[in-house]
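Asks: Have a look at the structure that comes next, please.
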Amino acid sequence: MTTASRVLSPTARPARLLERAALGTALVTLLWGPLAQGSTFGWGFSGLTLLGGLTCLLTLLAVAARGRVQVAQPLWVVSALALLAWIWASVTWAPYTLEAQRWAGVWTAVLGASLSLHLLCRTRARQTAAVATLLLGGGAAVVVAVLQARGFTLPGYEALPGTPREYLTGPYFHPSHFSGYLIPVAALTSTALLCSRPSWSTPALLLLQVGVQVMNLRTDGSSIPAVILAGVLPIVVWAWTKRAWLGAALTVLALGGVGAALFVTTTPTGTALFNAHKAELGIHSQDMEGFLAVRRSIHHFGGQMWAEHPATGVGVGQFVTEFQKYRLPASDTPGSVDQAFVNYAHSDYLQMLSELGTPGLALFLLFLLTSVLRKPRGLAPLAWISALATLLLTGLYDSHLTAIPGTMLVAFALAGLPSVPVEEETPGGG
């Protein structure tokens, strides 16, 4: 069959049109996720569920029309589907079924969009479109934050009541959530700068990275150091692609930085050192002792849920209601977190353990780790290595990958984009 006949084949046209529609919807979803208040509440949450669901439907129709499916990372795909199946299974034992269904729906949208990108982005042009969309979303988020810093909040956006005006939330509901979203954006921007030849886009990427880091310092969030780390780690990854010895040397330095972080968080001397210099990192409202005390109190809820439901968890989306059963008496902890409202576990690992049990955490980790079992060729796979390493650390004290849908979507999109195209478009394709 000639190239022309392949292009004009009547049976190929429906598949091609459906693929274009699915990819277009997926790209719109990538923008919606973070820019709709992180898709965490209300209209943002519902919109992400609808857009992600439509992306899944169009992708399935495209695959059916094509009559075959090409998978670059089979183990990752299987682990994603297994995780999604376990999430839906947990709906059957969740005390509040409607809330479980809502969260199972948004997990379906997020994982489905990631899987769709994995199946659809089989060419460099499509991968470039996805990466460009992620960068445009990051740029738009920075613009929203800059406007906020200048005293102008876009209609429809609102911050958590009581958030000081000097702390920027960008398009998100809370400044710490905004900071968490900037982690994959910082990793992708640095990777694009390091791994692309200088061109007209270089100044724009530099401006974006500066904007990301400057706005990050205005969030007063616990992920401020993580965003800085995500912007630096691509240098280590890039060094490995050039010279193994250079990559190894920089890796040792990076591990030394992790050791320093552990020193700061686990020793009185390190804690005092952090408190003395925290303002230089943009952290003003909390000290290390207070931060650790709050996290220990919140982690108590998730730990107790898992201890009572180790095999199943309490069900997806149930932390927000079930944690209240594990409050300590007010007389024992006056003014503590036990008298406050807590809507998620503040740890990706405890979020999965408390809601989905030990099998849920195992499937979640399998999903993450199988995403890097490939030779990293292309901007997205290279950036994902840096983003994942950082997010695995923040998962100890926050739930960016399990409780904030917009951030989950962007991170999992990087995880899903295939390392290399498995086929090239025929002439006339898109």
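The values are calculated or read from the model by the stated rules, or taken from the named source; none is laboratory data. Predicted, not measured: the structure shown is a model, and the values here were computed from it. Calculation scope for accessible area: heavy atoms of the full protein, side chains included, ligands and nucleic acids excluded. Shrake-Rupley method; radii C 1.70, N 1.55, O 1.52, S 1.80 Å.
Asks: Counting only heavy atoms of the protein chains, get the accessible area per residue of the stretch 335-403 (1.4 Å probe) and round it to a whole Å² value. Write out the running numbers ahead of the final one.
Replies: Details: 2200 Å² over 69 residues.
Roughly 32 Å² per residue, with all protein chains present.
Asks: What value, in deg cm²/dmol to 500, does the helix sum -39500 (n - 2.57) over DSSP H runs of n ≥ 4 give at 222 nm once divided by the residues of the chain? Before the final figure, lay out the partial values.
Replies: Details: 16 runs with 287 residues, N = 430.
The helix-only estimate for the chain comes to -22500 deg cm²/dmol at 222 nm.
Asks: Over the chain, what number does the Rg to Rh ratio reach, with both radii from the alpha-carbon atoms and Rh per Kirkwood? If you can, show how the numbers build up before the last one.
Replies: Numbers: Rg = 21.8 Å, Rh = 22.4 Å.
For the chain, the value is 0.97.
Asks: On a 0 to 90 degree scale, rounded to 10, what angle separates helix 175-195 from the longest Cα axis of the chain?
Replies: In the chain, helix 175-195 runs at an angle near 40 degrees to the longest axis.
Asks: Something else about it: Apply the Karplus curve 6.51 cos²θ - 1.76 cosθ + 1.60, θ = phi - 60°, to the phi angles in the stretch 290-305 and return the couplings in whole Hz, x for Gly and Pro.
Replies: x, 4, 5, 5, 5, 5, 4, 5, 5, 5, 4, 4, x, x, 5, 4
Asks: Relative to the longest principal axis of the chain, what angle (0 to 90°, nearest 10) does the C-alpha long axis of helix 268-277 take?
Replies: Orientation of helix 268-277: about 70 degrees from the principal axis.
Asks: Using a 1.4 Å probe, what is the accessible area per residue for the stretch 153-295, in Å²? Show your work: numbers first, answer last.
Replies: Numbers: 7110 Å² over 143 residues.
About 50 Å² of surface per residue is accessible.
Asks: On C-alpha positions alone, give me the angle between the axis of helix 124-149 and the longest principal axis of the chain, in degrees, nearest 10.
Replies: 40
Asks: Here's another thing I want to ask about it. Taking a probe of 1.4 angstrom, what is the accessible area of Thr358 in Å², to the nearest 10?
Replies: Ignoring ligands and nucleic acids, Thr358 comes out at about 60 Å².
Asks: Say we join alpha carbon atoms closer than 10 Å with springs in a Gaussian network model of the chain; which of Pro359, Pro14, Pro184 then has the biggest fluctuation?
Replies: Pro14
Asks: Moving on. With a 10 Å cut-off between alpha carbons and a GNM built on the chain, which of Trp93, Trp32, Trp76 moves the most?
Replies: Trp93
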